[in-house]
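Please see the structure below; I have some questions.
Each reported figure results from applying straightforward, stated rules to the coordinates on display, with no laboratory input. Bear in mind the structure is a predicted one, so any value in this text is a computation, not a measurement. Don't worry about glycine lacking a Cβ; one is built from the backbone with ideal geometry, like all the others, and counts go over all protein chains shown.
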Amino acid sequence: MDLVYDFYEKSLRKHQEELCGDAVKITRANGKTVAVLSDGLGSGVKANILATLTSEIVSTMLNNNVSLEEVMRTVLGTLPICQVRNMAYATFTVLEIDERRNRFKVINTDNPPIFYIRDGQIRRPLRCQERILNRDVFAHEGDLKEGDFIGMASDGVLYAGLGKSMNFGWGWEQIGQFLEETLRIKEISAQEIVNALMEETEALYGGEVGDDATFVGMRVRQKRNLILFTGPPLDKSKDSRVVEEFMRFNGRKVVCGGTTANIVSDYLQEPIETDIGSMSEDTPPLGRIKNVDLLTEGIITLSRTIDLLRKNRKMLLKQRNTGAMALLSELLFADHIVIFAGRTINPYYQNPILPKNISIRLSLVNELADLLRSLRKDVLIRLF
């Protein structure tokens, strides 16, 4: 089974502070994902610097297979000492996933215990404690299967409601129950789970967050694949072969471009229908072809999608019926994205200043791929 480890994180900064004193760093390389949550001492700018520095150090060193003791030594030796508490550290929790073996390991120093949910029930993973440089370090290990959820929290989440709606704050046990109830919703994503939990956290604080609060959630689910076909192949004799490979793809299928749509339509011997209702001021209307999940115009829609992805993805929640919104929704939902990009240049869109062999379409495809990779999407471009 092809599994994916879906991460999402959200932070709430302390009331009247400009910066959150927590920091999250998630990296993925060589079949391993490392997520670090750090809670800086205090709040505000100083705490943010401490947490950011800690998360960067821990992430970099663990990704280079440095021993935990050396990581602790570096963190303690690098951070400045608080004159009031005589402490020189930020707390941190690390979730390391071996994607090849479907195994996880958690390392925790002074943060709340992780939330590990399997088959709808919260479990306390087997853990061992060791003492490193006079610090208690807790380690958890286990296997992962589809549907599992792991959450990491800073203590600001546990203290939500303290002295207001609750005498002792929300607490680990009640947060665990909240997560169990939320995970009863079938196919719920990590983003939806984390957003629900953090909305409840903010509500318990009465809108005035008393301590920096961060939650990182990871859900194990099946990988979602998507293929995007845009632009005619340079060699017209390859049209049928490219469409045949496109249609065999196991996943969502998207076509961007009028000429590309005609190639697919001719091969499938299916007509193209136009959805006039999806037309907007800045994006041409959507189309429909049987057995294709999404059909949009090409250059303008790609450009508008890139603009939305770069500037304001929140607009996706407000409107999804335009070509750019529909394409953005498909791309954000997918994990593994294959782009078939034809190299034929449409002279109508070509910039006369550029050499004739430089395609605006290919420039947009490369820019789109870079933006998607920055969101931890796996993107492969194939040129024809």
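Fully extended, how many nm does the chain gain between residue 288 and residue 46 (0.36 nm per residue separation, minus their Cα-Cα distance)?
That pair, residue 288 and residue 46, stretches by 81.7 nm at full extension.
In addition: Compare 123, 248, 343 in a GNM of the chain, Cα atoms joined below 10 Å, and give the one with the largest fluctuation.
Maximum among the listed residues: 248.
Taking only DSSP H segments of four or more residues, each worth -39500 (n - 2.57), what value at 222 nm results for the chain once the sum is divided by all its residues, to the nearest 500 deg cm²/dmol?
Counting only the DSSP helices, I get -10000 deg cm²/dmol.
In terms of the Cα gyration tensor, with a ≥ b ≥ c the square roots of its eigenvalues, is the chain rounded because a/c is under 1.5, prolate because a/b exceeds b/c, or oblate?
Taking the square roots of the gyration eigenvalues as a ≥ b ≥ c, the chain is prolate.
Considering the options 260, 51, 198, tell which one lies farthest towards the positive end of the dipole of the chain, charges being +1 on Lys and Arg and -1 on Asp and Glu at the Cβ, about the Cα centre.
It is 260, whose Cα lies furthest towards the positive end.
Between the DSSP loop rule and a limit of at most 12 other Cβ atoms within 10 Å, which GluC sites (Glu not before Pro) in the stretch 223-330 are left?
Answer in residue order: 281.
Give a quick list of chymotrypsin sites (Phe, Trp or Tyr not before Pro) in the stretch 203-272 that DSSP marks as loop, anything other than H, G, I, E or B, with at most 15 other Cβ atoms within 10 Å.
Hits after loop and neighbour filter: 249.
Once you order the gyration tensor axes a ≥ b ≥ c over the Cα atoms, which shape class does the stretch 225-383 get: rounded for a/c under 1.5, otherwise prolate or oblate by comparing a/b with b/c?
Note, shape of the stretch 225-383 comes out rounded.
Rounded to the nearest 0.05, what FRET efficiency do residue 380 and residue 185 give with R0 = 35 Å and r taken as the Cβ-Cβ distance? Could you check?
That pair, residue 380 with residue 185, gives E of 0.65.
So, one more: On a 21 Å Cα-Cα criterion, which of the cross-link pairs 223/290; 311/377; 32/105; 14/46; 46/105 come out too long?
The answer is 223/290; 46/105.
Pulled fully out, how much extra length does the chain show between residue 238 and residue 332, if you take 0.36 nm times their separation in residues and subtract their Cα-Cα distance?
30.9 nm
Could you compute the FRET efficiency for residue 270 and residue 141, with r as their C-beta to C-beta distance and R0 at 41 Å, rounded to 0.05?
Efficiency at R0 = 41 Å is approximately 0.20.
Just to confirm the number: angle between the C-alpha axis of helix 239-248 and the first principal axis of the chain, 0 to 90 degrees, nearest 10?
Once rounded, the angle reads 40 degrees.
Sticking with this one: For the Cα atoms of the chain, what angle does the longest principal axis make with the long axis of helix 44-63, in degrees from 0 to 90, nearest 10?
70
Tell me the angle of helix 360-374 to the major Cα principal axis of the chain, expressed in degrees between 0 and 90 and rounded to the nearest ten.
That helix lies at roughly 20 degrees to the long axis.
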